[in-house]
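**Q** Quick one: this structure, given as structure tokens, is what I'll be asking you about.
What follows is calculated from the coordinates using simple rules that are stated; it is not laboratory data. Just so we're clear, the structure is a prediction, and the values are computed from it rather than from any experiment. Note: ideal-geometry Cβ built from the backbone for every residue, glycine included; neighbour counts use all protein chains shown.
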Ligand SMILES: Cc1cc2nc3c(=O)[nH]c(=O)nc-3n(C[C@H](O)[C@H](O)[C@H](O)COP(=O)(O)OP(=O)(O)OC[C@H]3O[C@@H](n4cnc5c(N)ncnc54)[C@H](O)[C@@H]3O)c2cc1C
């Protein structure tokens, strides 16, 4: 049986990313069609506003205009994540996970940094990346004349989740003729072989499709409810299981930080994501270590006068991923596929990658589904395991011991074998590219260096000869000079965005 008619259940970020990728890759196939089915009664999750830098490539490939993204989605630029108070020694300590690599003028200075760091007051590891000064100055990673999707510092975006999925929906309909139906799916009908045959809608209609993509959010309507595929529970590795979410309005004069701030507290952390018109904030905590009342009080303390308890949304979080991501003629994406708390903004990037994977690998005949499913399931499971490792690393190597939460998270019993092995290895050796599986691990050497040495992981330094040390020292000094000049050439992010809006308004007038 040919696979021609595809249903995507769910019209959130996951559903519309899937629609775009399937449209891009497969709309040329004879008789191929994609339909997004969305319930008007089930709202989207409405969070998911921080991304990572590869999203630029993907949006460009899908034909989304960067200008439209900026203008329609209240989007801002993000150069990385600023982790505040993740270490014990002094209050307001911080480090960055920058999107740019920590290689000053292309030189790997990690070993030099490790050897010299203990000798007294020394710069932070993330200062070795281009990002640091620009981020600290609230600057924009693009020049006024930078082409779309290009900047002088690497970047991703913060955006309004709802507006982003609307932009993706328009793109999918306009460019790839994706069809849209506003109907609530009540259930799915299976054939004798366990394949999904059709969907039952709330208006009494039943519609048949050849292939199904479950993007129905946490309800996982097809994968879990129809096909019975459960979650691999990973809550023993990542303790936070609740989020309080609050949006706070900002004015068009307020500075816009070009990074997500992740501020640790006694039982979790707070995200702070600046958009053009508001900040999206969230208090992520572990209910085993803090009551909701305590969390609310702490969240209020963070916001001060801006806090409005009646506007706080509560979202329970469950860390885990589907036992199978693809079964028979159904796959799952987004929250229906799995969840890990948003410390490293990993959900949209996994969704985007998997949507592209399905679109590239979807066979045109049902007989070939099983072989593809097996191959893809192995790959996706590995991706999830490594992302969970990376998120856990932030808790695991902290030296905070000031609460039961931090004592539990730093106890080294709950982690994957590979992470345990790597942490042992990295006591004696700086991570190398050979420690990672290229392209299947979203976080590579550069990201691990940022977290490990942002948090002072005790890797033994090599004994370099004096000549080499001197060479790196000169390079680092040149890097600092170059970064000062770079920062001087950049515009504050708020100014850049206001000027861009004014320019766009003028162009539209003409
Ligand atoms: C607290 C929190 C913070 C997050 N922060 C980030 C972040 O910073 N970065 C990041 O990358 N990700 C983040 N995420 C994840 C991100 O929100 C999701 O990846 C993204 O929003 C995609 O969600 P989704 O489309 O899978 O689900 P949803 O947005 O929930 O969409 C589900 C869709 O399914 C439809 N639907 C449901 N049931 C039915 C039915 N019966 N019939 C028809 N349609 C149905 C709904 O109408 C809706 O359109 C966060 C998640 C949470 C919970």
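**Q** Please work out the FRET efficiency for the pair residue 410 and residue 311, using the Cβ-Cβ distance as r and a Förster radius of 51 Å; give the result to the nearest 0.05.
**A** With a Förster radius of 51 Å, E is 0.90.
**Q** Once the piece of chain linking residue 190 and residue 72 is laid out straight, how much longer is it, given 0.36 nm per residue of separation minus the C-alpha distance between them?
**A** Working it through step by step, the gained length comes to 38.4 nm.
**Q** So for the chain, averaging the separation of alpha carbon pairs under 8 Å that are six or more residues apart and normalising by length, what relative contact order in percent results?
**A** Across the chain, relative contact order equals 23 percent.
**Q** Oh, and also: Out of all DSSP beta bridges in the chain, what portion is antiparallel? Express it as a percent rounded to 5.
**A** 70 percent
**Q** Could you order peptides 319-329, 10-20 by the average number of other Cβ atoms within 10 Å of their residues, highest first?
**A** The most tightly packed comes first, giving 10-20, 319-329.
**Q** What is the log10 of I(q)/I(0) for region 241-316, computed with the Debye formula using one identical point scatterer on each Cα and no solvent, at q = 0.13, 0.15, 0.19, 0.24 Å⁻¹?
**A** -0.37, -0.48, -0.76, -1.14
**Q** For residue 1 and residue 421, what does the FRET efficiency come to when R0 = 35 Å and r is the distance between their Cβ atoms, rounded to the nearest 0.05?
**A** For R0 = 35 Å, the calculated efficiency reads 0.20.
**Q** Using the per-residue mean of other Cβ atoms lying within 10 Å as a proxy for protection, in what order, highest first, do the peptides 360-372, 343-355 fall? Intermediate values should be presented prior to the final figure.
**A** Details: 360-372: 14.4, 343-355: 23.7.
Those peptides, ordered most packed to least, come out 343-355, 360-372.
**Q** Here is a further query. Please tell me the relative contact order of region 388-510 in percent, rounded to the nearest whole number, where contacts are Cα pairs under 8 Å and at least six residues apart. Working shown, then result.
**A** Working: 49 pairs, mean separation 25.1, N = 123.
Worked out over region 388-510, it gives 20 percent.
**Q** Please work out the FRET efficiency for the pair residue 379 and residue 291, using the Cβ-Cβ distance as r and a Förster radius of 45 Å; give the result to the nearest 0.05.
**A** The calculated FRET efficiency here is 0.65.
**Q** Once the piece of chain linking residue 508 and residue 437 is laid out straight, how much longer is it, given 0.36 nm per residue of separation minus the C-alpha distance between them?
**A** Gain on extension, residue 508 to residue 437, equals 20.9 nm.
**Q** Once you keep just the Cα pairs under 8 angstrom separated by 6 or more residues, what percentage relative contact order results for region 174-328?
**A** After rounding, I find 23 percent.
**Q** Next question. Just to be sure I understand the model, the point goes 7 Å from the Cα along the line to the Cβ. What's the resulting residue 429 to residue 361 distance in nm?
**A** 2.9 nm
**Q** Can you compute log10 of I(q)/I(0) for the chain with the Debye formula, treating each Cα as one identical point scatterer, at q = 0.12 Å⁻¹?
**A** With no solvent term, the Cα-only Debye profile gives -1.17.
**Q** While we're here: By per-residue mean of other Cβ atoms within 10 Å, what is the highest-first order of 388-400, 140-152? All intermediate terms of the calculation are to be shown ahead of the outcome.
**A** Working: 388-400: 20.7, 140-152: 16.2.
Result, highest mean Cβ count within 10 Å first: 388-400, 140-152.
**Q** Starting from 0.36 nm per residue, how many nanometres of slack lie between residue 40 and residue 368 once their C-alpha separation is accounted for?
**A** Length gained, residue 40 through residue 368: 114.6 nm.
**Q** Also, quick follow-up: Can you bin region 419-495 into rounded, prolate or oblate? Criterion: square roots of the alpha carbon gyration tensor eigenvalues sorted a ≥ b ≥ c, rounded for a/c under 1.5, prolate for a/b above b/c, oblate for the rest. Don't skip to the end; give the middle numbers.
**A** Numbers: a/c = 2.55, a/b = 1.34, b/c = 1.90.
Judged from the Cα gyration tensor, region 419-495 comes out oblate (a/c at least 1.5, b/c at or above a/b).
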